[in-house]
Each structure stands twice: as structure tokens, then as C-alpha cells.
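The values are calculated or read from the model by the stated rules, or taken from the named source; none is laboratory data. This is a predicted model, so every value here is computed, not measured. So basically every Cβ, Gly included, is an ideal-geometry build from the backbone, and we count neighbours across all protein chains shown. For accessibility, only protein heavy atoms count, side chains too; no ligands or nucleic acids. Shrake-Rupley method; radii C 1.70, N 1.55, O 1.52, S 1.80 Å.
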Amino acid sequence: MKKYLLSIDQGTTSCRAIVFDTKGDIIAIGQREFTQHYPQPGWVEHDAEEILTTQIACIKEAVEKALAGDGAKEIACVGISNQRETTVVWDKKTLKPVYRAIVWQCRRTQNIAESIKEDSRFRERTGLVPDAYFSGPKIQWILDNVEGARSRAEKGELAFGTIDSWLIANLTKEKNHYTEASNASRTLLFNTKEMVWDKELMQVLDVPESMMPTVVPSDYNFGTTSKELLGFEAPVLADLGDQQAALFGQGCFEPGMAKCTYGTGSFLLSNIGEKFKLADGLLTTVAWQQEGKQPVYAFEGAIFVAGAAIQWLRDGLGLIENSEESENLATSIKSNDGVYFVPALVGLGSPWWNSDVRGTIVGLTRGSSREHFVRAALESMTYQVKDVIDTMQEDGIDVSRLRVDGGATKNNFMLQFQSDILDIPVQRAEQVESTAWGVAAMAGIKCGAIDCPEKLSEDWRCDHEFAPARNREAEYDGWKRALKGAFACATI
Ligand code: ADP
């Protein structure tokens with residue numbers, strides 16, 4: 001019997017389902033986009049039920065393709081990776097959401113985050129920085145703004161979940177209300193040192209304990225897929241937030257190993273081992289916690305606008321037609337000629353955590369062209385990553401090479417510039433689906449289909465290594481001046 005692993009990869013803009021074999025080769029993919037709702041400037045919502053129906057369609061498509069006409073194949077197990085922090089509140093009995101899902105990018109809860117900024121317990125216990133980005137303030141907002149929600153929650157009728165919990169409750173026969181620590185550690189309500197929901201923090205944010213999912217290990221029997229919904233039964237054996245799944249998929253199992261995913265935003269995670277610690281400007285997050293083992297922690301640099309800057313040049317300004325052409329445009333000029341773009345379009349995340357700063361473009365002359373805008377956007381991805389890595393290094397985390405993945409890593413100019421700026425090798429993974437593979441691999445280890453987990457690290461293959469080729473200190477100095485300017489313009 002050929003054993004396949006199904007990965008459910010629920011992202012910010014699309015749902016995907018990927019069937020892998022046990023070596024990580026892709027057998028079949030189903031992928032569909034779903035609707036983004038922007039009800040007000042700065043607000044972002046998803047329809048949790050649409051996510052569910054879209055995800056089901058993707059799973060059916062991928063599984064049907066993979067198993068077509070051959071009885072000697074089976075889906076051995078399922079893993080789920082998901083967009084993190086996005087918050088759903090639903091009725092425990094009917095599984096009906098009481099409101100649309102509030103997406104991680106949504107800034108509506110800035111005031112709530114501001115109100116807990118000075119409460120050091122949040123930073124010390126959760127490893128996060130109080131910010132609108134995380135789930136806790138989003139739950140409070142739903143309870144305070146959806147009619148009847150607070151009283152129903154207080155009566156124990158409502159459940160909260162990040163998207164993994166929402167999918168587990170809906171796609172399994174058991175309808176379990178579960179999550180695991182890589183997702184729980186993004187809520188501002190989870191004590192990441194003690195690995196339990198923090199009653200005091202829940203009180204501060206006014207979130208009833210009865211709403212919270214049970215936190216189980218990241219590799220666990222989360223339930224069996226419903227045959228009625230999906231057409232097959234298999235155990236769901238792993239659940240990870242998307243960035244932590246990519247860290248696992250990139251084989252970063254040893255402390256000091258780091259990966260960066262360049263998508264809409266960039267997320268740089270560095271494995272720091274089994275001890276919780278804090279570093280200024282960085283988040284401390286649970287990477288994973290496998291059954292019977294100590295949790296593994298990671299430092300995280302969360303950069304909100306990376307590939308999104310290119311999207312904005314395309315959709316907002318109409319300067320380019322597609323993201324691919326950005327590479328040729330950037331390399332058609334010899335240097336940035338002093339033009340810098342600080343893409344603080346939604347404030348800045350790591351290491352600055354400033355919601356007031358806004359985007360700026362500096363250094364323009366009569367000779368500036370769209371090529372300069374494009375190059376400045378691509379360079380800005382690399383400077384922001386350098387800011388994060390420098391912060392990690394100040395905390396004694398020596399990042400000596402960086403493994404990279406994500407949609408924007410198709411851009412060779414950007415990755416070469418990244419290597420130059422960091423002065424370390426940048427390795428693009430051969431496995432383009434690090435996130436989906438990471439959680440599939442964890443499930444595969446759990447069910448025994450992958451019998452030698454150590455090999456996962458040895459089997460990691462580099463598609464291309466970008467080695468440092470030029471000194472870019474002058475450019476980085478220019479970026480730092482541009483950043484200073486952006487901060488000076490912030491309206492506070
Ligand atoms: P996400 O998972 O966050 O939706 P993806 O990993 O699919 O993101 O990557 C898409 C992002 O990568 C988009 O923001 C897009 O602008 C950017 N992107 C895609 N191709 C390129 C490219 N060749 N050069 C630069 N950016 C790119």
C-alpha cells in the first residue's frame with residue numbers, strides 16, 4: 001500500500017490541499033482563493049464558512065487526483081497548517097460563527113492593544129508584544145461588538161478558535177475543540193512558559209475561559225476526517241501555525257537554525273531550543289511541542305509588508321503588471337541611486353513594533369523612474385530582514401546561514417541582495433512547499449509512515465545558494481537614514 005500524507009494549508013488569501021508521498025514529493029494539489037473583506041480602512045475579515053467550503057473543495061480535488069483509479073494507495077494521515085492569529089468565534093452547538101473571522105492583518109483592535117501596552121505580564125508570560133495583530137484583543141472586540149455575544153459567551157455557549165481549531169471542529173467526526181501550542185502562543189492569552197491558558201490575562205482582556213480550545217501536543221490525534229464531508233477517513237495527526245510549520249519543513253531542528261518565508265509579509269524564525277527567553281524587539285513563540293517532549297521555542301521577527309509592497313506597486317499604483325517583472329526592472333538600473341522605500345503601510349512590526357509610522361519614499365530626483373520604485377521595494381524586504389537578524393545577533397543568536405522560502409523567493413535579485421546585506425549565505429529550499437510539507441512530515445512521523453525523522457534534516461535540499469558577493473554597508477546606512485525619516489514623520 002502506497003502511503004500518502006495530506007496537508008491542509010489554510011493561508012491568508014487561498015486554501016490549499018497538497019498530497020505528498022513520504023519523501024516529500026508532491027502527488028497532487030488543490031488550490032482556491034477565497035474572498036477578502038475590507039469593510040473599513042484597516043479592517044480585514046474572512047468568512048469562516050467560506051473558508052470551510054473552499055478548503056473542502058481543495059481537499060476533495062487533491063485527494064481524488066492522488067488516489068485516482070488505484071486501490072493500492074491511501075491517505076495515511078492529515079496535517080493542518082494555518083494562517084495564524086485570525087480569530088473565529090462560533091456557537092458550540094450549531095458550529096455557526098457569530099461574526100466574520102477577524103484576520104491577523106486587521107488593525108481595528110489597536111486601542112485594545114494600546115490599553116494593555118504597559119502591562120508587562122503580557123510580554124513576560126506570552127513572549128509577544130501587545131499588538132492588534134494577535135487574537136486576544138480580536139476576541140474581546142467580537143464579544144463587545146456583536147449583539148448578545150458577551151452574554152452567550154458568559155453562559156458557556158460560544159467557542160473561540162484560530163483557523164486550525166475551526167477546521168478541526170468542522171472536518172472531524174469527533175468535532176473536537178482543540179488547538180496546540182504554536183497557535184495558542186499567538187493569542188496573548190497563553191502562558192508560553194507554563195504551557196497553559198493564563199487566567200489573569202484572560203481576565204484583563206475579558207475573555208471567558210469556557211471559550212478556549214483544549215491545548216494538546218502539535219502531533220496528536222485531533223480526530224478522524226469525516227467521510228461524509230471529504231469522502232475518506234484518516235486521522236488528523238499534526239497541527240501547526242504556518243510559520244512554525246515552515247520552520248519544521250525547512251528542517252530547522254537545531255538551536256540557531258533559521259528560516260525566512262517571504263510572502264505577503266516576511267516571517268523570520270530561529271530555533272532557540274527548549275528554554276523560553278525574551279529578546280528585545282522579537283517575539284518568543286512556541287515552534288512546536290511533540291507528545292512526550294519538551295516544547296521547542298523560536299524567536300520570531302514578524303515583518304508585515306514584504307511581497308505586499310510589490311503587490312501595492314502593481315494593484316495600488318499600477319506601476320507594474322505582475323510581480324515577476326520586478327526582477328528585470330530592478331536589475332535594469334545599476335544602483336538604487338539613493339531612493340529608499342520604507343514600506344510601513346500598516347505600521348512596522350519587528351523589531352520596531354510601531355503602529356503610527358507610515359510608508360515613505362525618499363531620495364527622489366528628476367531622474368527617478370519606476371525602476372527605482374521597484375528596486376527600492378525589493379531592497380526594503382532585505383533591509384527589514386537585516387534589522388531583525390541584527391537584533392537576534394545582539395541577543396547572542398548567531399545566524400550563520402538563512403534558509404528561505406515563499407512566493408517572493410523566486411526573485412533572484414532580491415535573494416542575492418539579501419545575502420550581500422547580511423553577509424551570510426542565503427539558501428533557497430528545493431522543497432517549495434515548506435509550510436505544507438512541514439506539517440505533513442510531522443503527521444507522517446506520528447503515524448509511522450516516515451520512519452526516520454532524523455533523515456528529514458539530512459534530506460533537506462538546497463535549490464540555490466546565494467553567497468555574499470558585494471559589500472552593501474553604504475546601502476544599509478541609507479536605509480537606516482530613511483527609517484529615521486519615517487519615524488520623524490510619524491503622527492505622534
Ligand atoms: P502568501 O502565502 O502570504 O499569500 P506567497 O508565498 O504566495 O504569499 O507569495 C506571494 C507574494 O510574493 C506576493 O506579495 C507577491 O507580490 C510576491 N511575489 C511573487 N513573485 C514575486 C517576484 N518574482 N518578485 C517579488 N515578489 C514576488
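Summary of computed values
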quantity: Normalised contact order of the stretch 4-242, rounded percent, pairs of Cα under 8 Å and 6 or more residues apart; calculated: 20
quantity: Centroid-to-centroid separation of the stretch 4-66 and the stretch 83-128 [C-alpha atoms, Å]; calculated: 22
quantity: Spacing of the two label points (7 Å from each Cα toward its C-beta) at Lys173 and Asp315, in nm; calculated: 4.1
quantity: Sites Arg461 and Lys65 - FRET efficiency at Förster radius 25 Å, r taken between beta-carbons, to 0.05; calculated: 0.50
quantity: Fraction of antiparallel bridges per DSSP, the stretch 4-242 only, in percent to nearest 5; calculated: 65
quantity: Alpha-carbon centroid distance for the pair the stretch 437-492 / the stretch 166-199, whole angstrom; calculated: 26
quantity: Packing-based ranking, highest mean first, of 480-487, 123-130 given that Cβ atoms within 10 Å are counted; calculated: 123-130, 480-487
quantity: At q = 0.19, 0.20, 0.29 Å⁻¹, base-10 log of I(q)/I(0) for the stretch 211-269 (Debye sum, equal scatterers on each alpha carbon); calculated: -0.86, -0.89, -1.11
quantity: Loop sites in the stretch 4-82: chymotrypsin sites (Phe, Trp or Tyr not before Pro), DSSP, at most 16 other Cβ within 10 Å; calculated: Trp43
quantity: Packing-based order for 141-152, 83-94, using average beta carbon neighbours within 10 Å, highest first; calculated: 83-94, 141-152
quantity: Whole-number accessible area per residue in Å² for the chain, which is evaluated in the context of all protein chains at 1.4 Å; calculated: 39
quantity: Accessible-area value, His37, 1.4 Å probe, nucleic acids and ligands omitted, Å²; calculated: 40
quantity: Kirkwood Rh in Å, taken over the chain so that all alpha-carbon pairs contribute; calculated: 22.8
quantity: FRET E, pair Asp337, Asn412, Förster distance 22 Å, beta-carbon r, rounded to 0.05; calculated: 0.55
quantity: Contour minus Cα-Cα distance for Glu324 and Asp119 (0.36 nm per residue); calculated: 69.4 nm
quantity: Low-density loop cleavage sites - GluC sites (Glu not before Pro) in the stretch 184-265, where at most 10 other Cβ are within 10 Å (DSSP); calculated: Glu194
quantity: Stretch gain in nm, segment Leu229-Glu74, where the contour uses 0.36 nm per residue and the Cα spacing is subtracted; calculated: 54.1 nm
quantity: The stretch 318-429 - Kirkwood radius from inverse mean 1/r over Cα pairs (Å); calculated: 15.1
quantity: Computed accessible area, Lys155, all protein chains, 1.4 angstrom probe, square angstrom; calculated: 140
quantity: Contour excess over end-to-end distance, with Cα ends at Glu33 and Glu154 and 0.36 nm allotted per residue; calculated: 40.0 nm
quantity: Overall form of the stretch 118-208 per C-alpha gyration tensor (a/c, 1.5; a/b vs b/c); calculated: oblate
quantity: Cα-based equivalent ellipsoid of the stretch 4-242: semi-axis lengths in Å, sorted from largest, via gyration tensor; calculated: 32, 18, 16
quantity: Contact order normalised by residue count of the chain, Cα under 8 Å, 6+ apart, percent; calculated: 14
quantity: The stretch 337-379: trypsin sites (Lys or Arg not before Pro) in DSSP loop, at most 12 other beta carbons within 10 Å; calculated: Arg366
quantity: Rounded percent of accessible protein surface that carbon and sulfur make up, the stretch 4-242, 1.4 Å probe; calculated: 45
quantity: 10 Å beta-carbon shell around Val216, net charge (K/R +1, D/E -1); calculated: -4
quantity: Sequence of Trp353, Trp479 when ordered by accessible area, the most exposed leading, probe 1.4 angstrom; calculated: Trp353, Trp479
quantity: Cross-link table Lys73/Lys227; Lys199/Lys293; Lys199/Lys277; Lys334/Lys480; Lys65/Lys92, entries beyond 27 Å C-alpha to C-alpha; calculated: Lys65/Lys92
quantity: Accessible heavy-atom area order of Val207, Val362, highest first, probe of 1.4 Å; calculated: Val362, Val207
quantity: Those residues of the stretch 224-239 whose amide nitrogen sits under 16 Å from the label point placed on Ala57, 7 Å along Cα→Cβ; calculated: 230
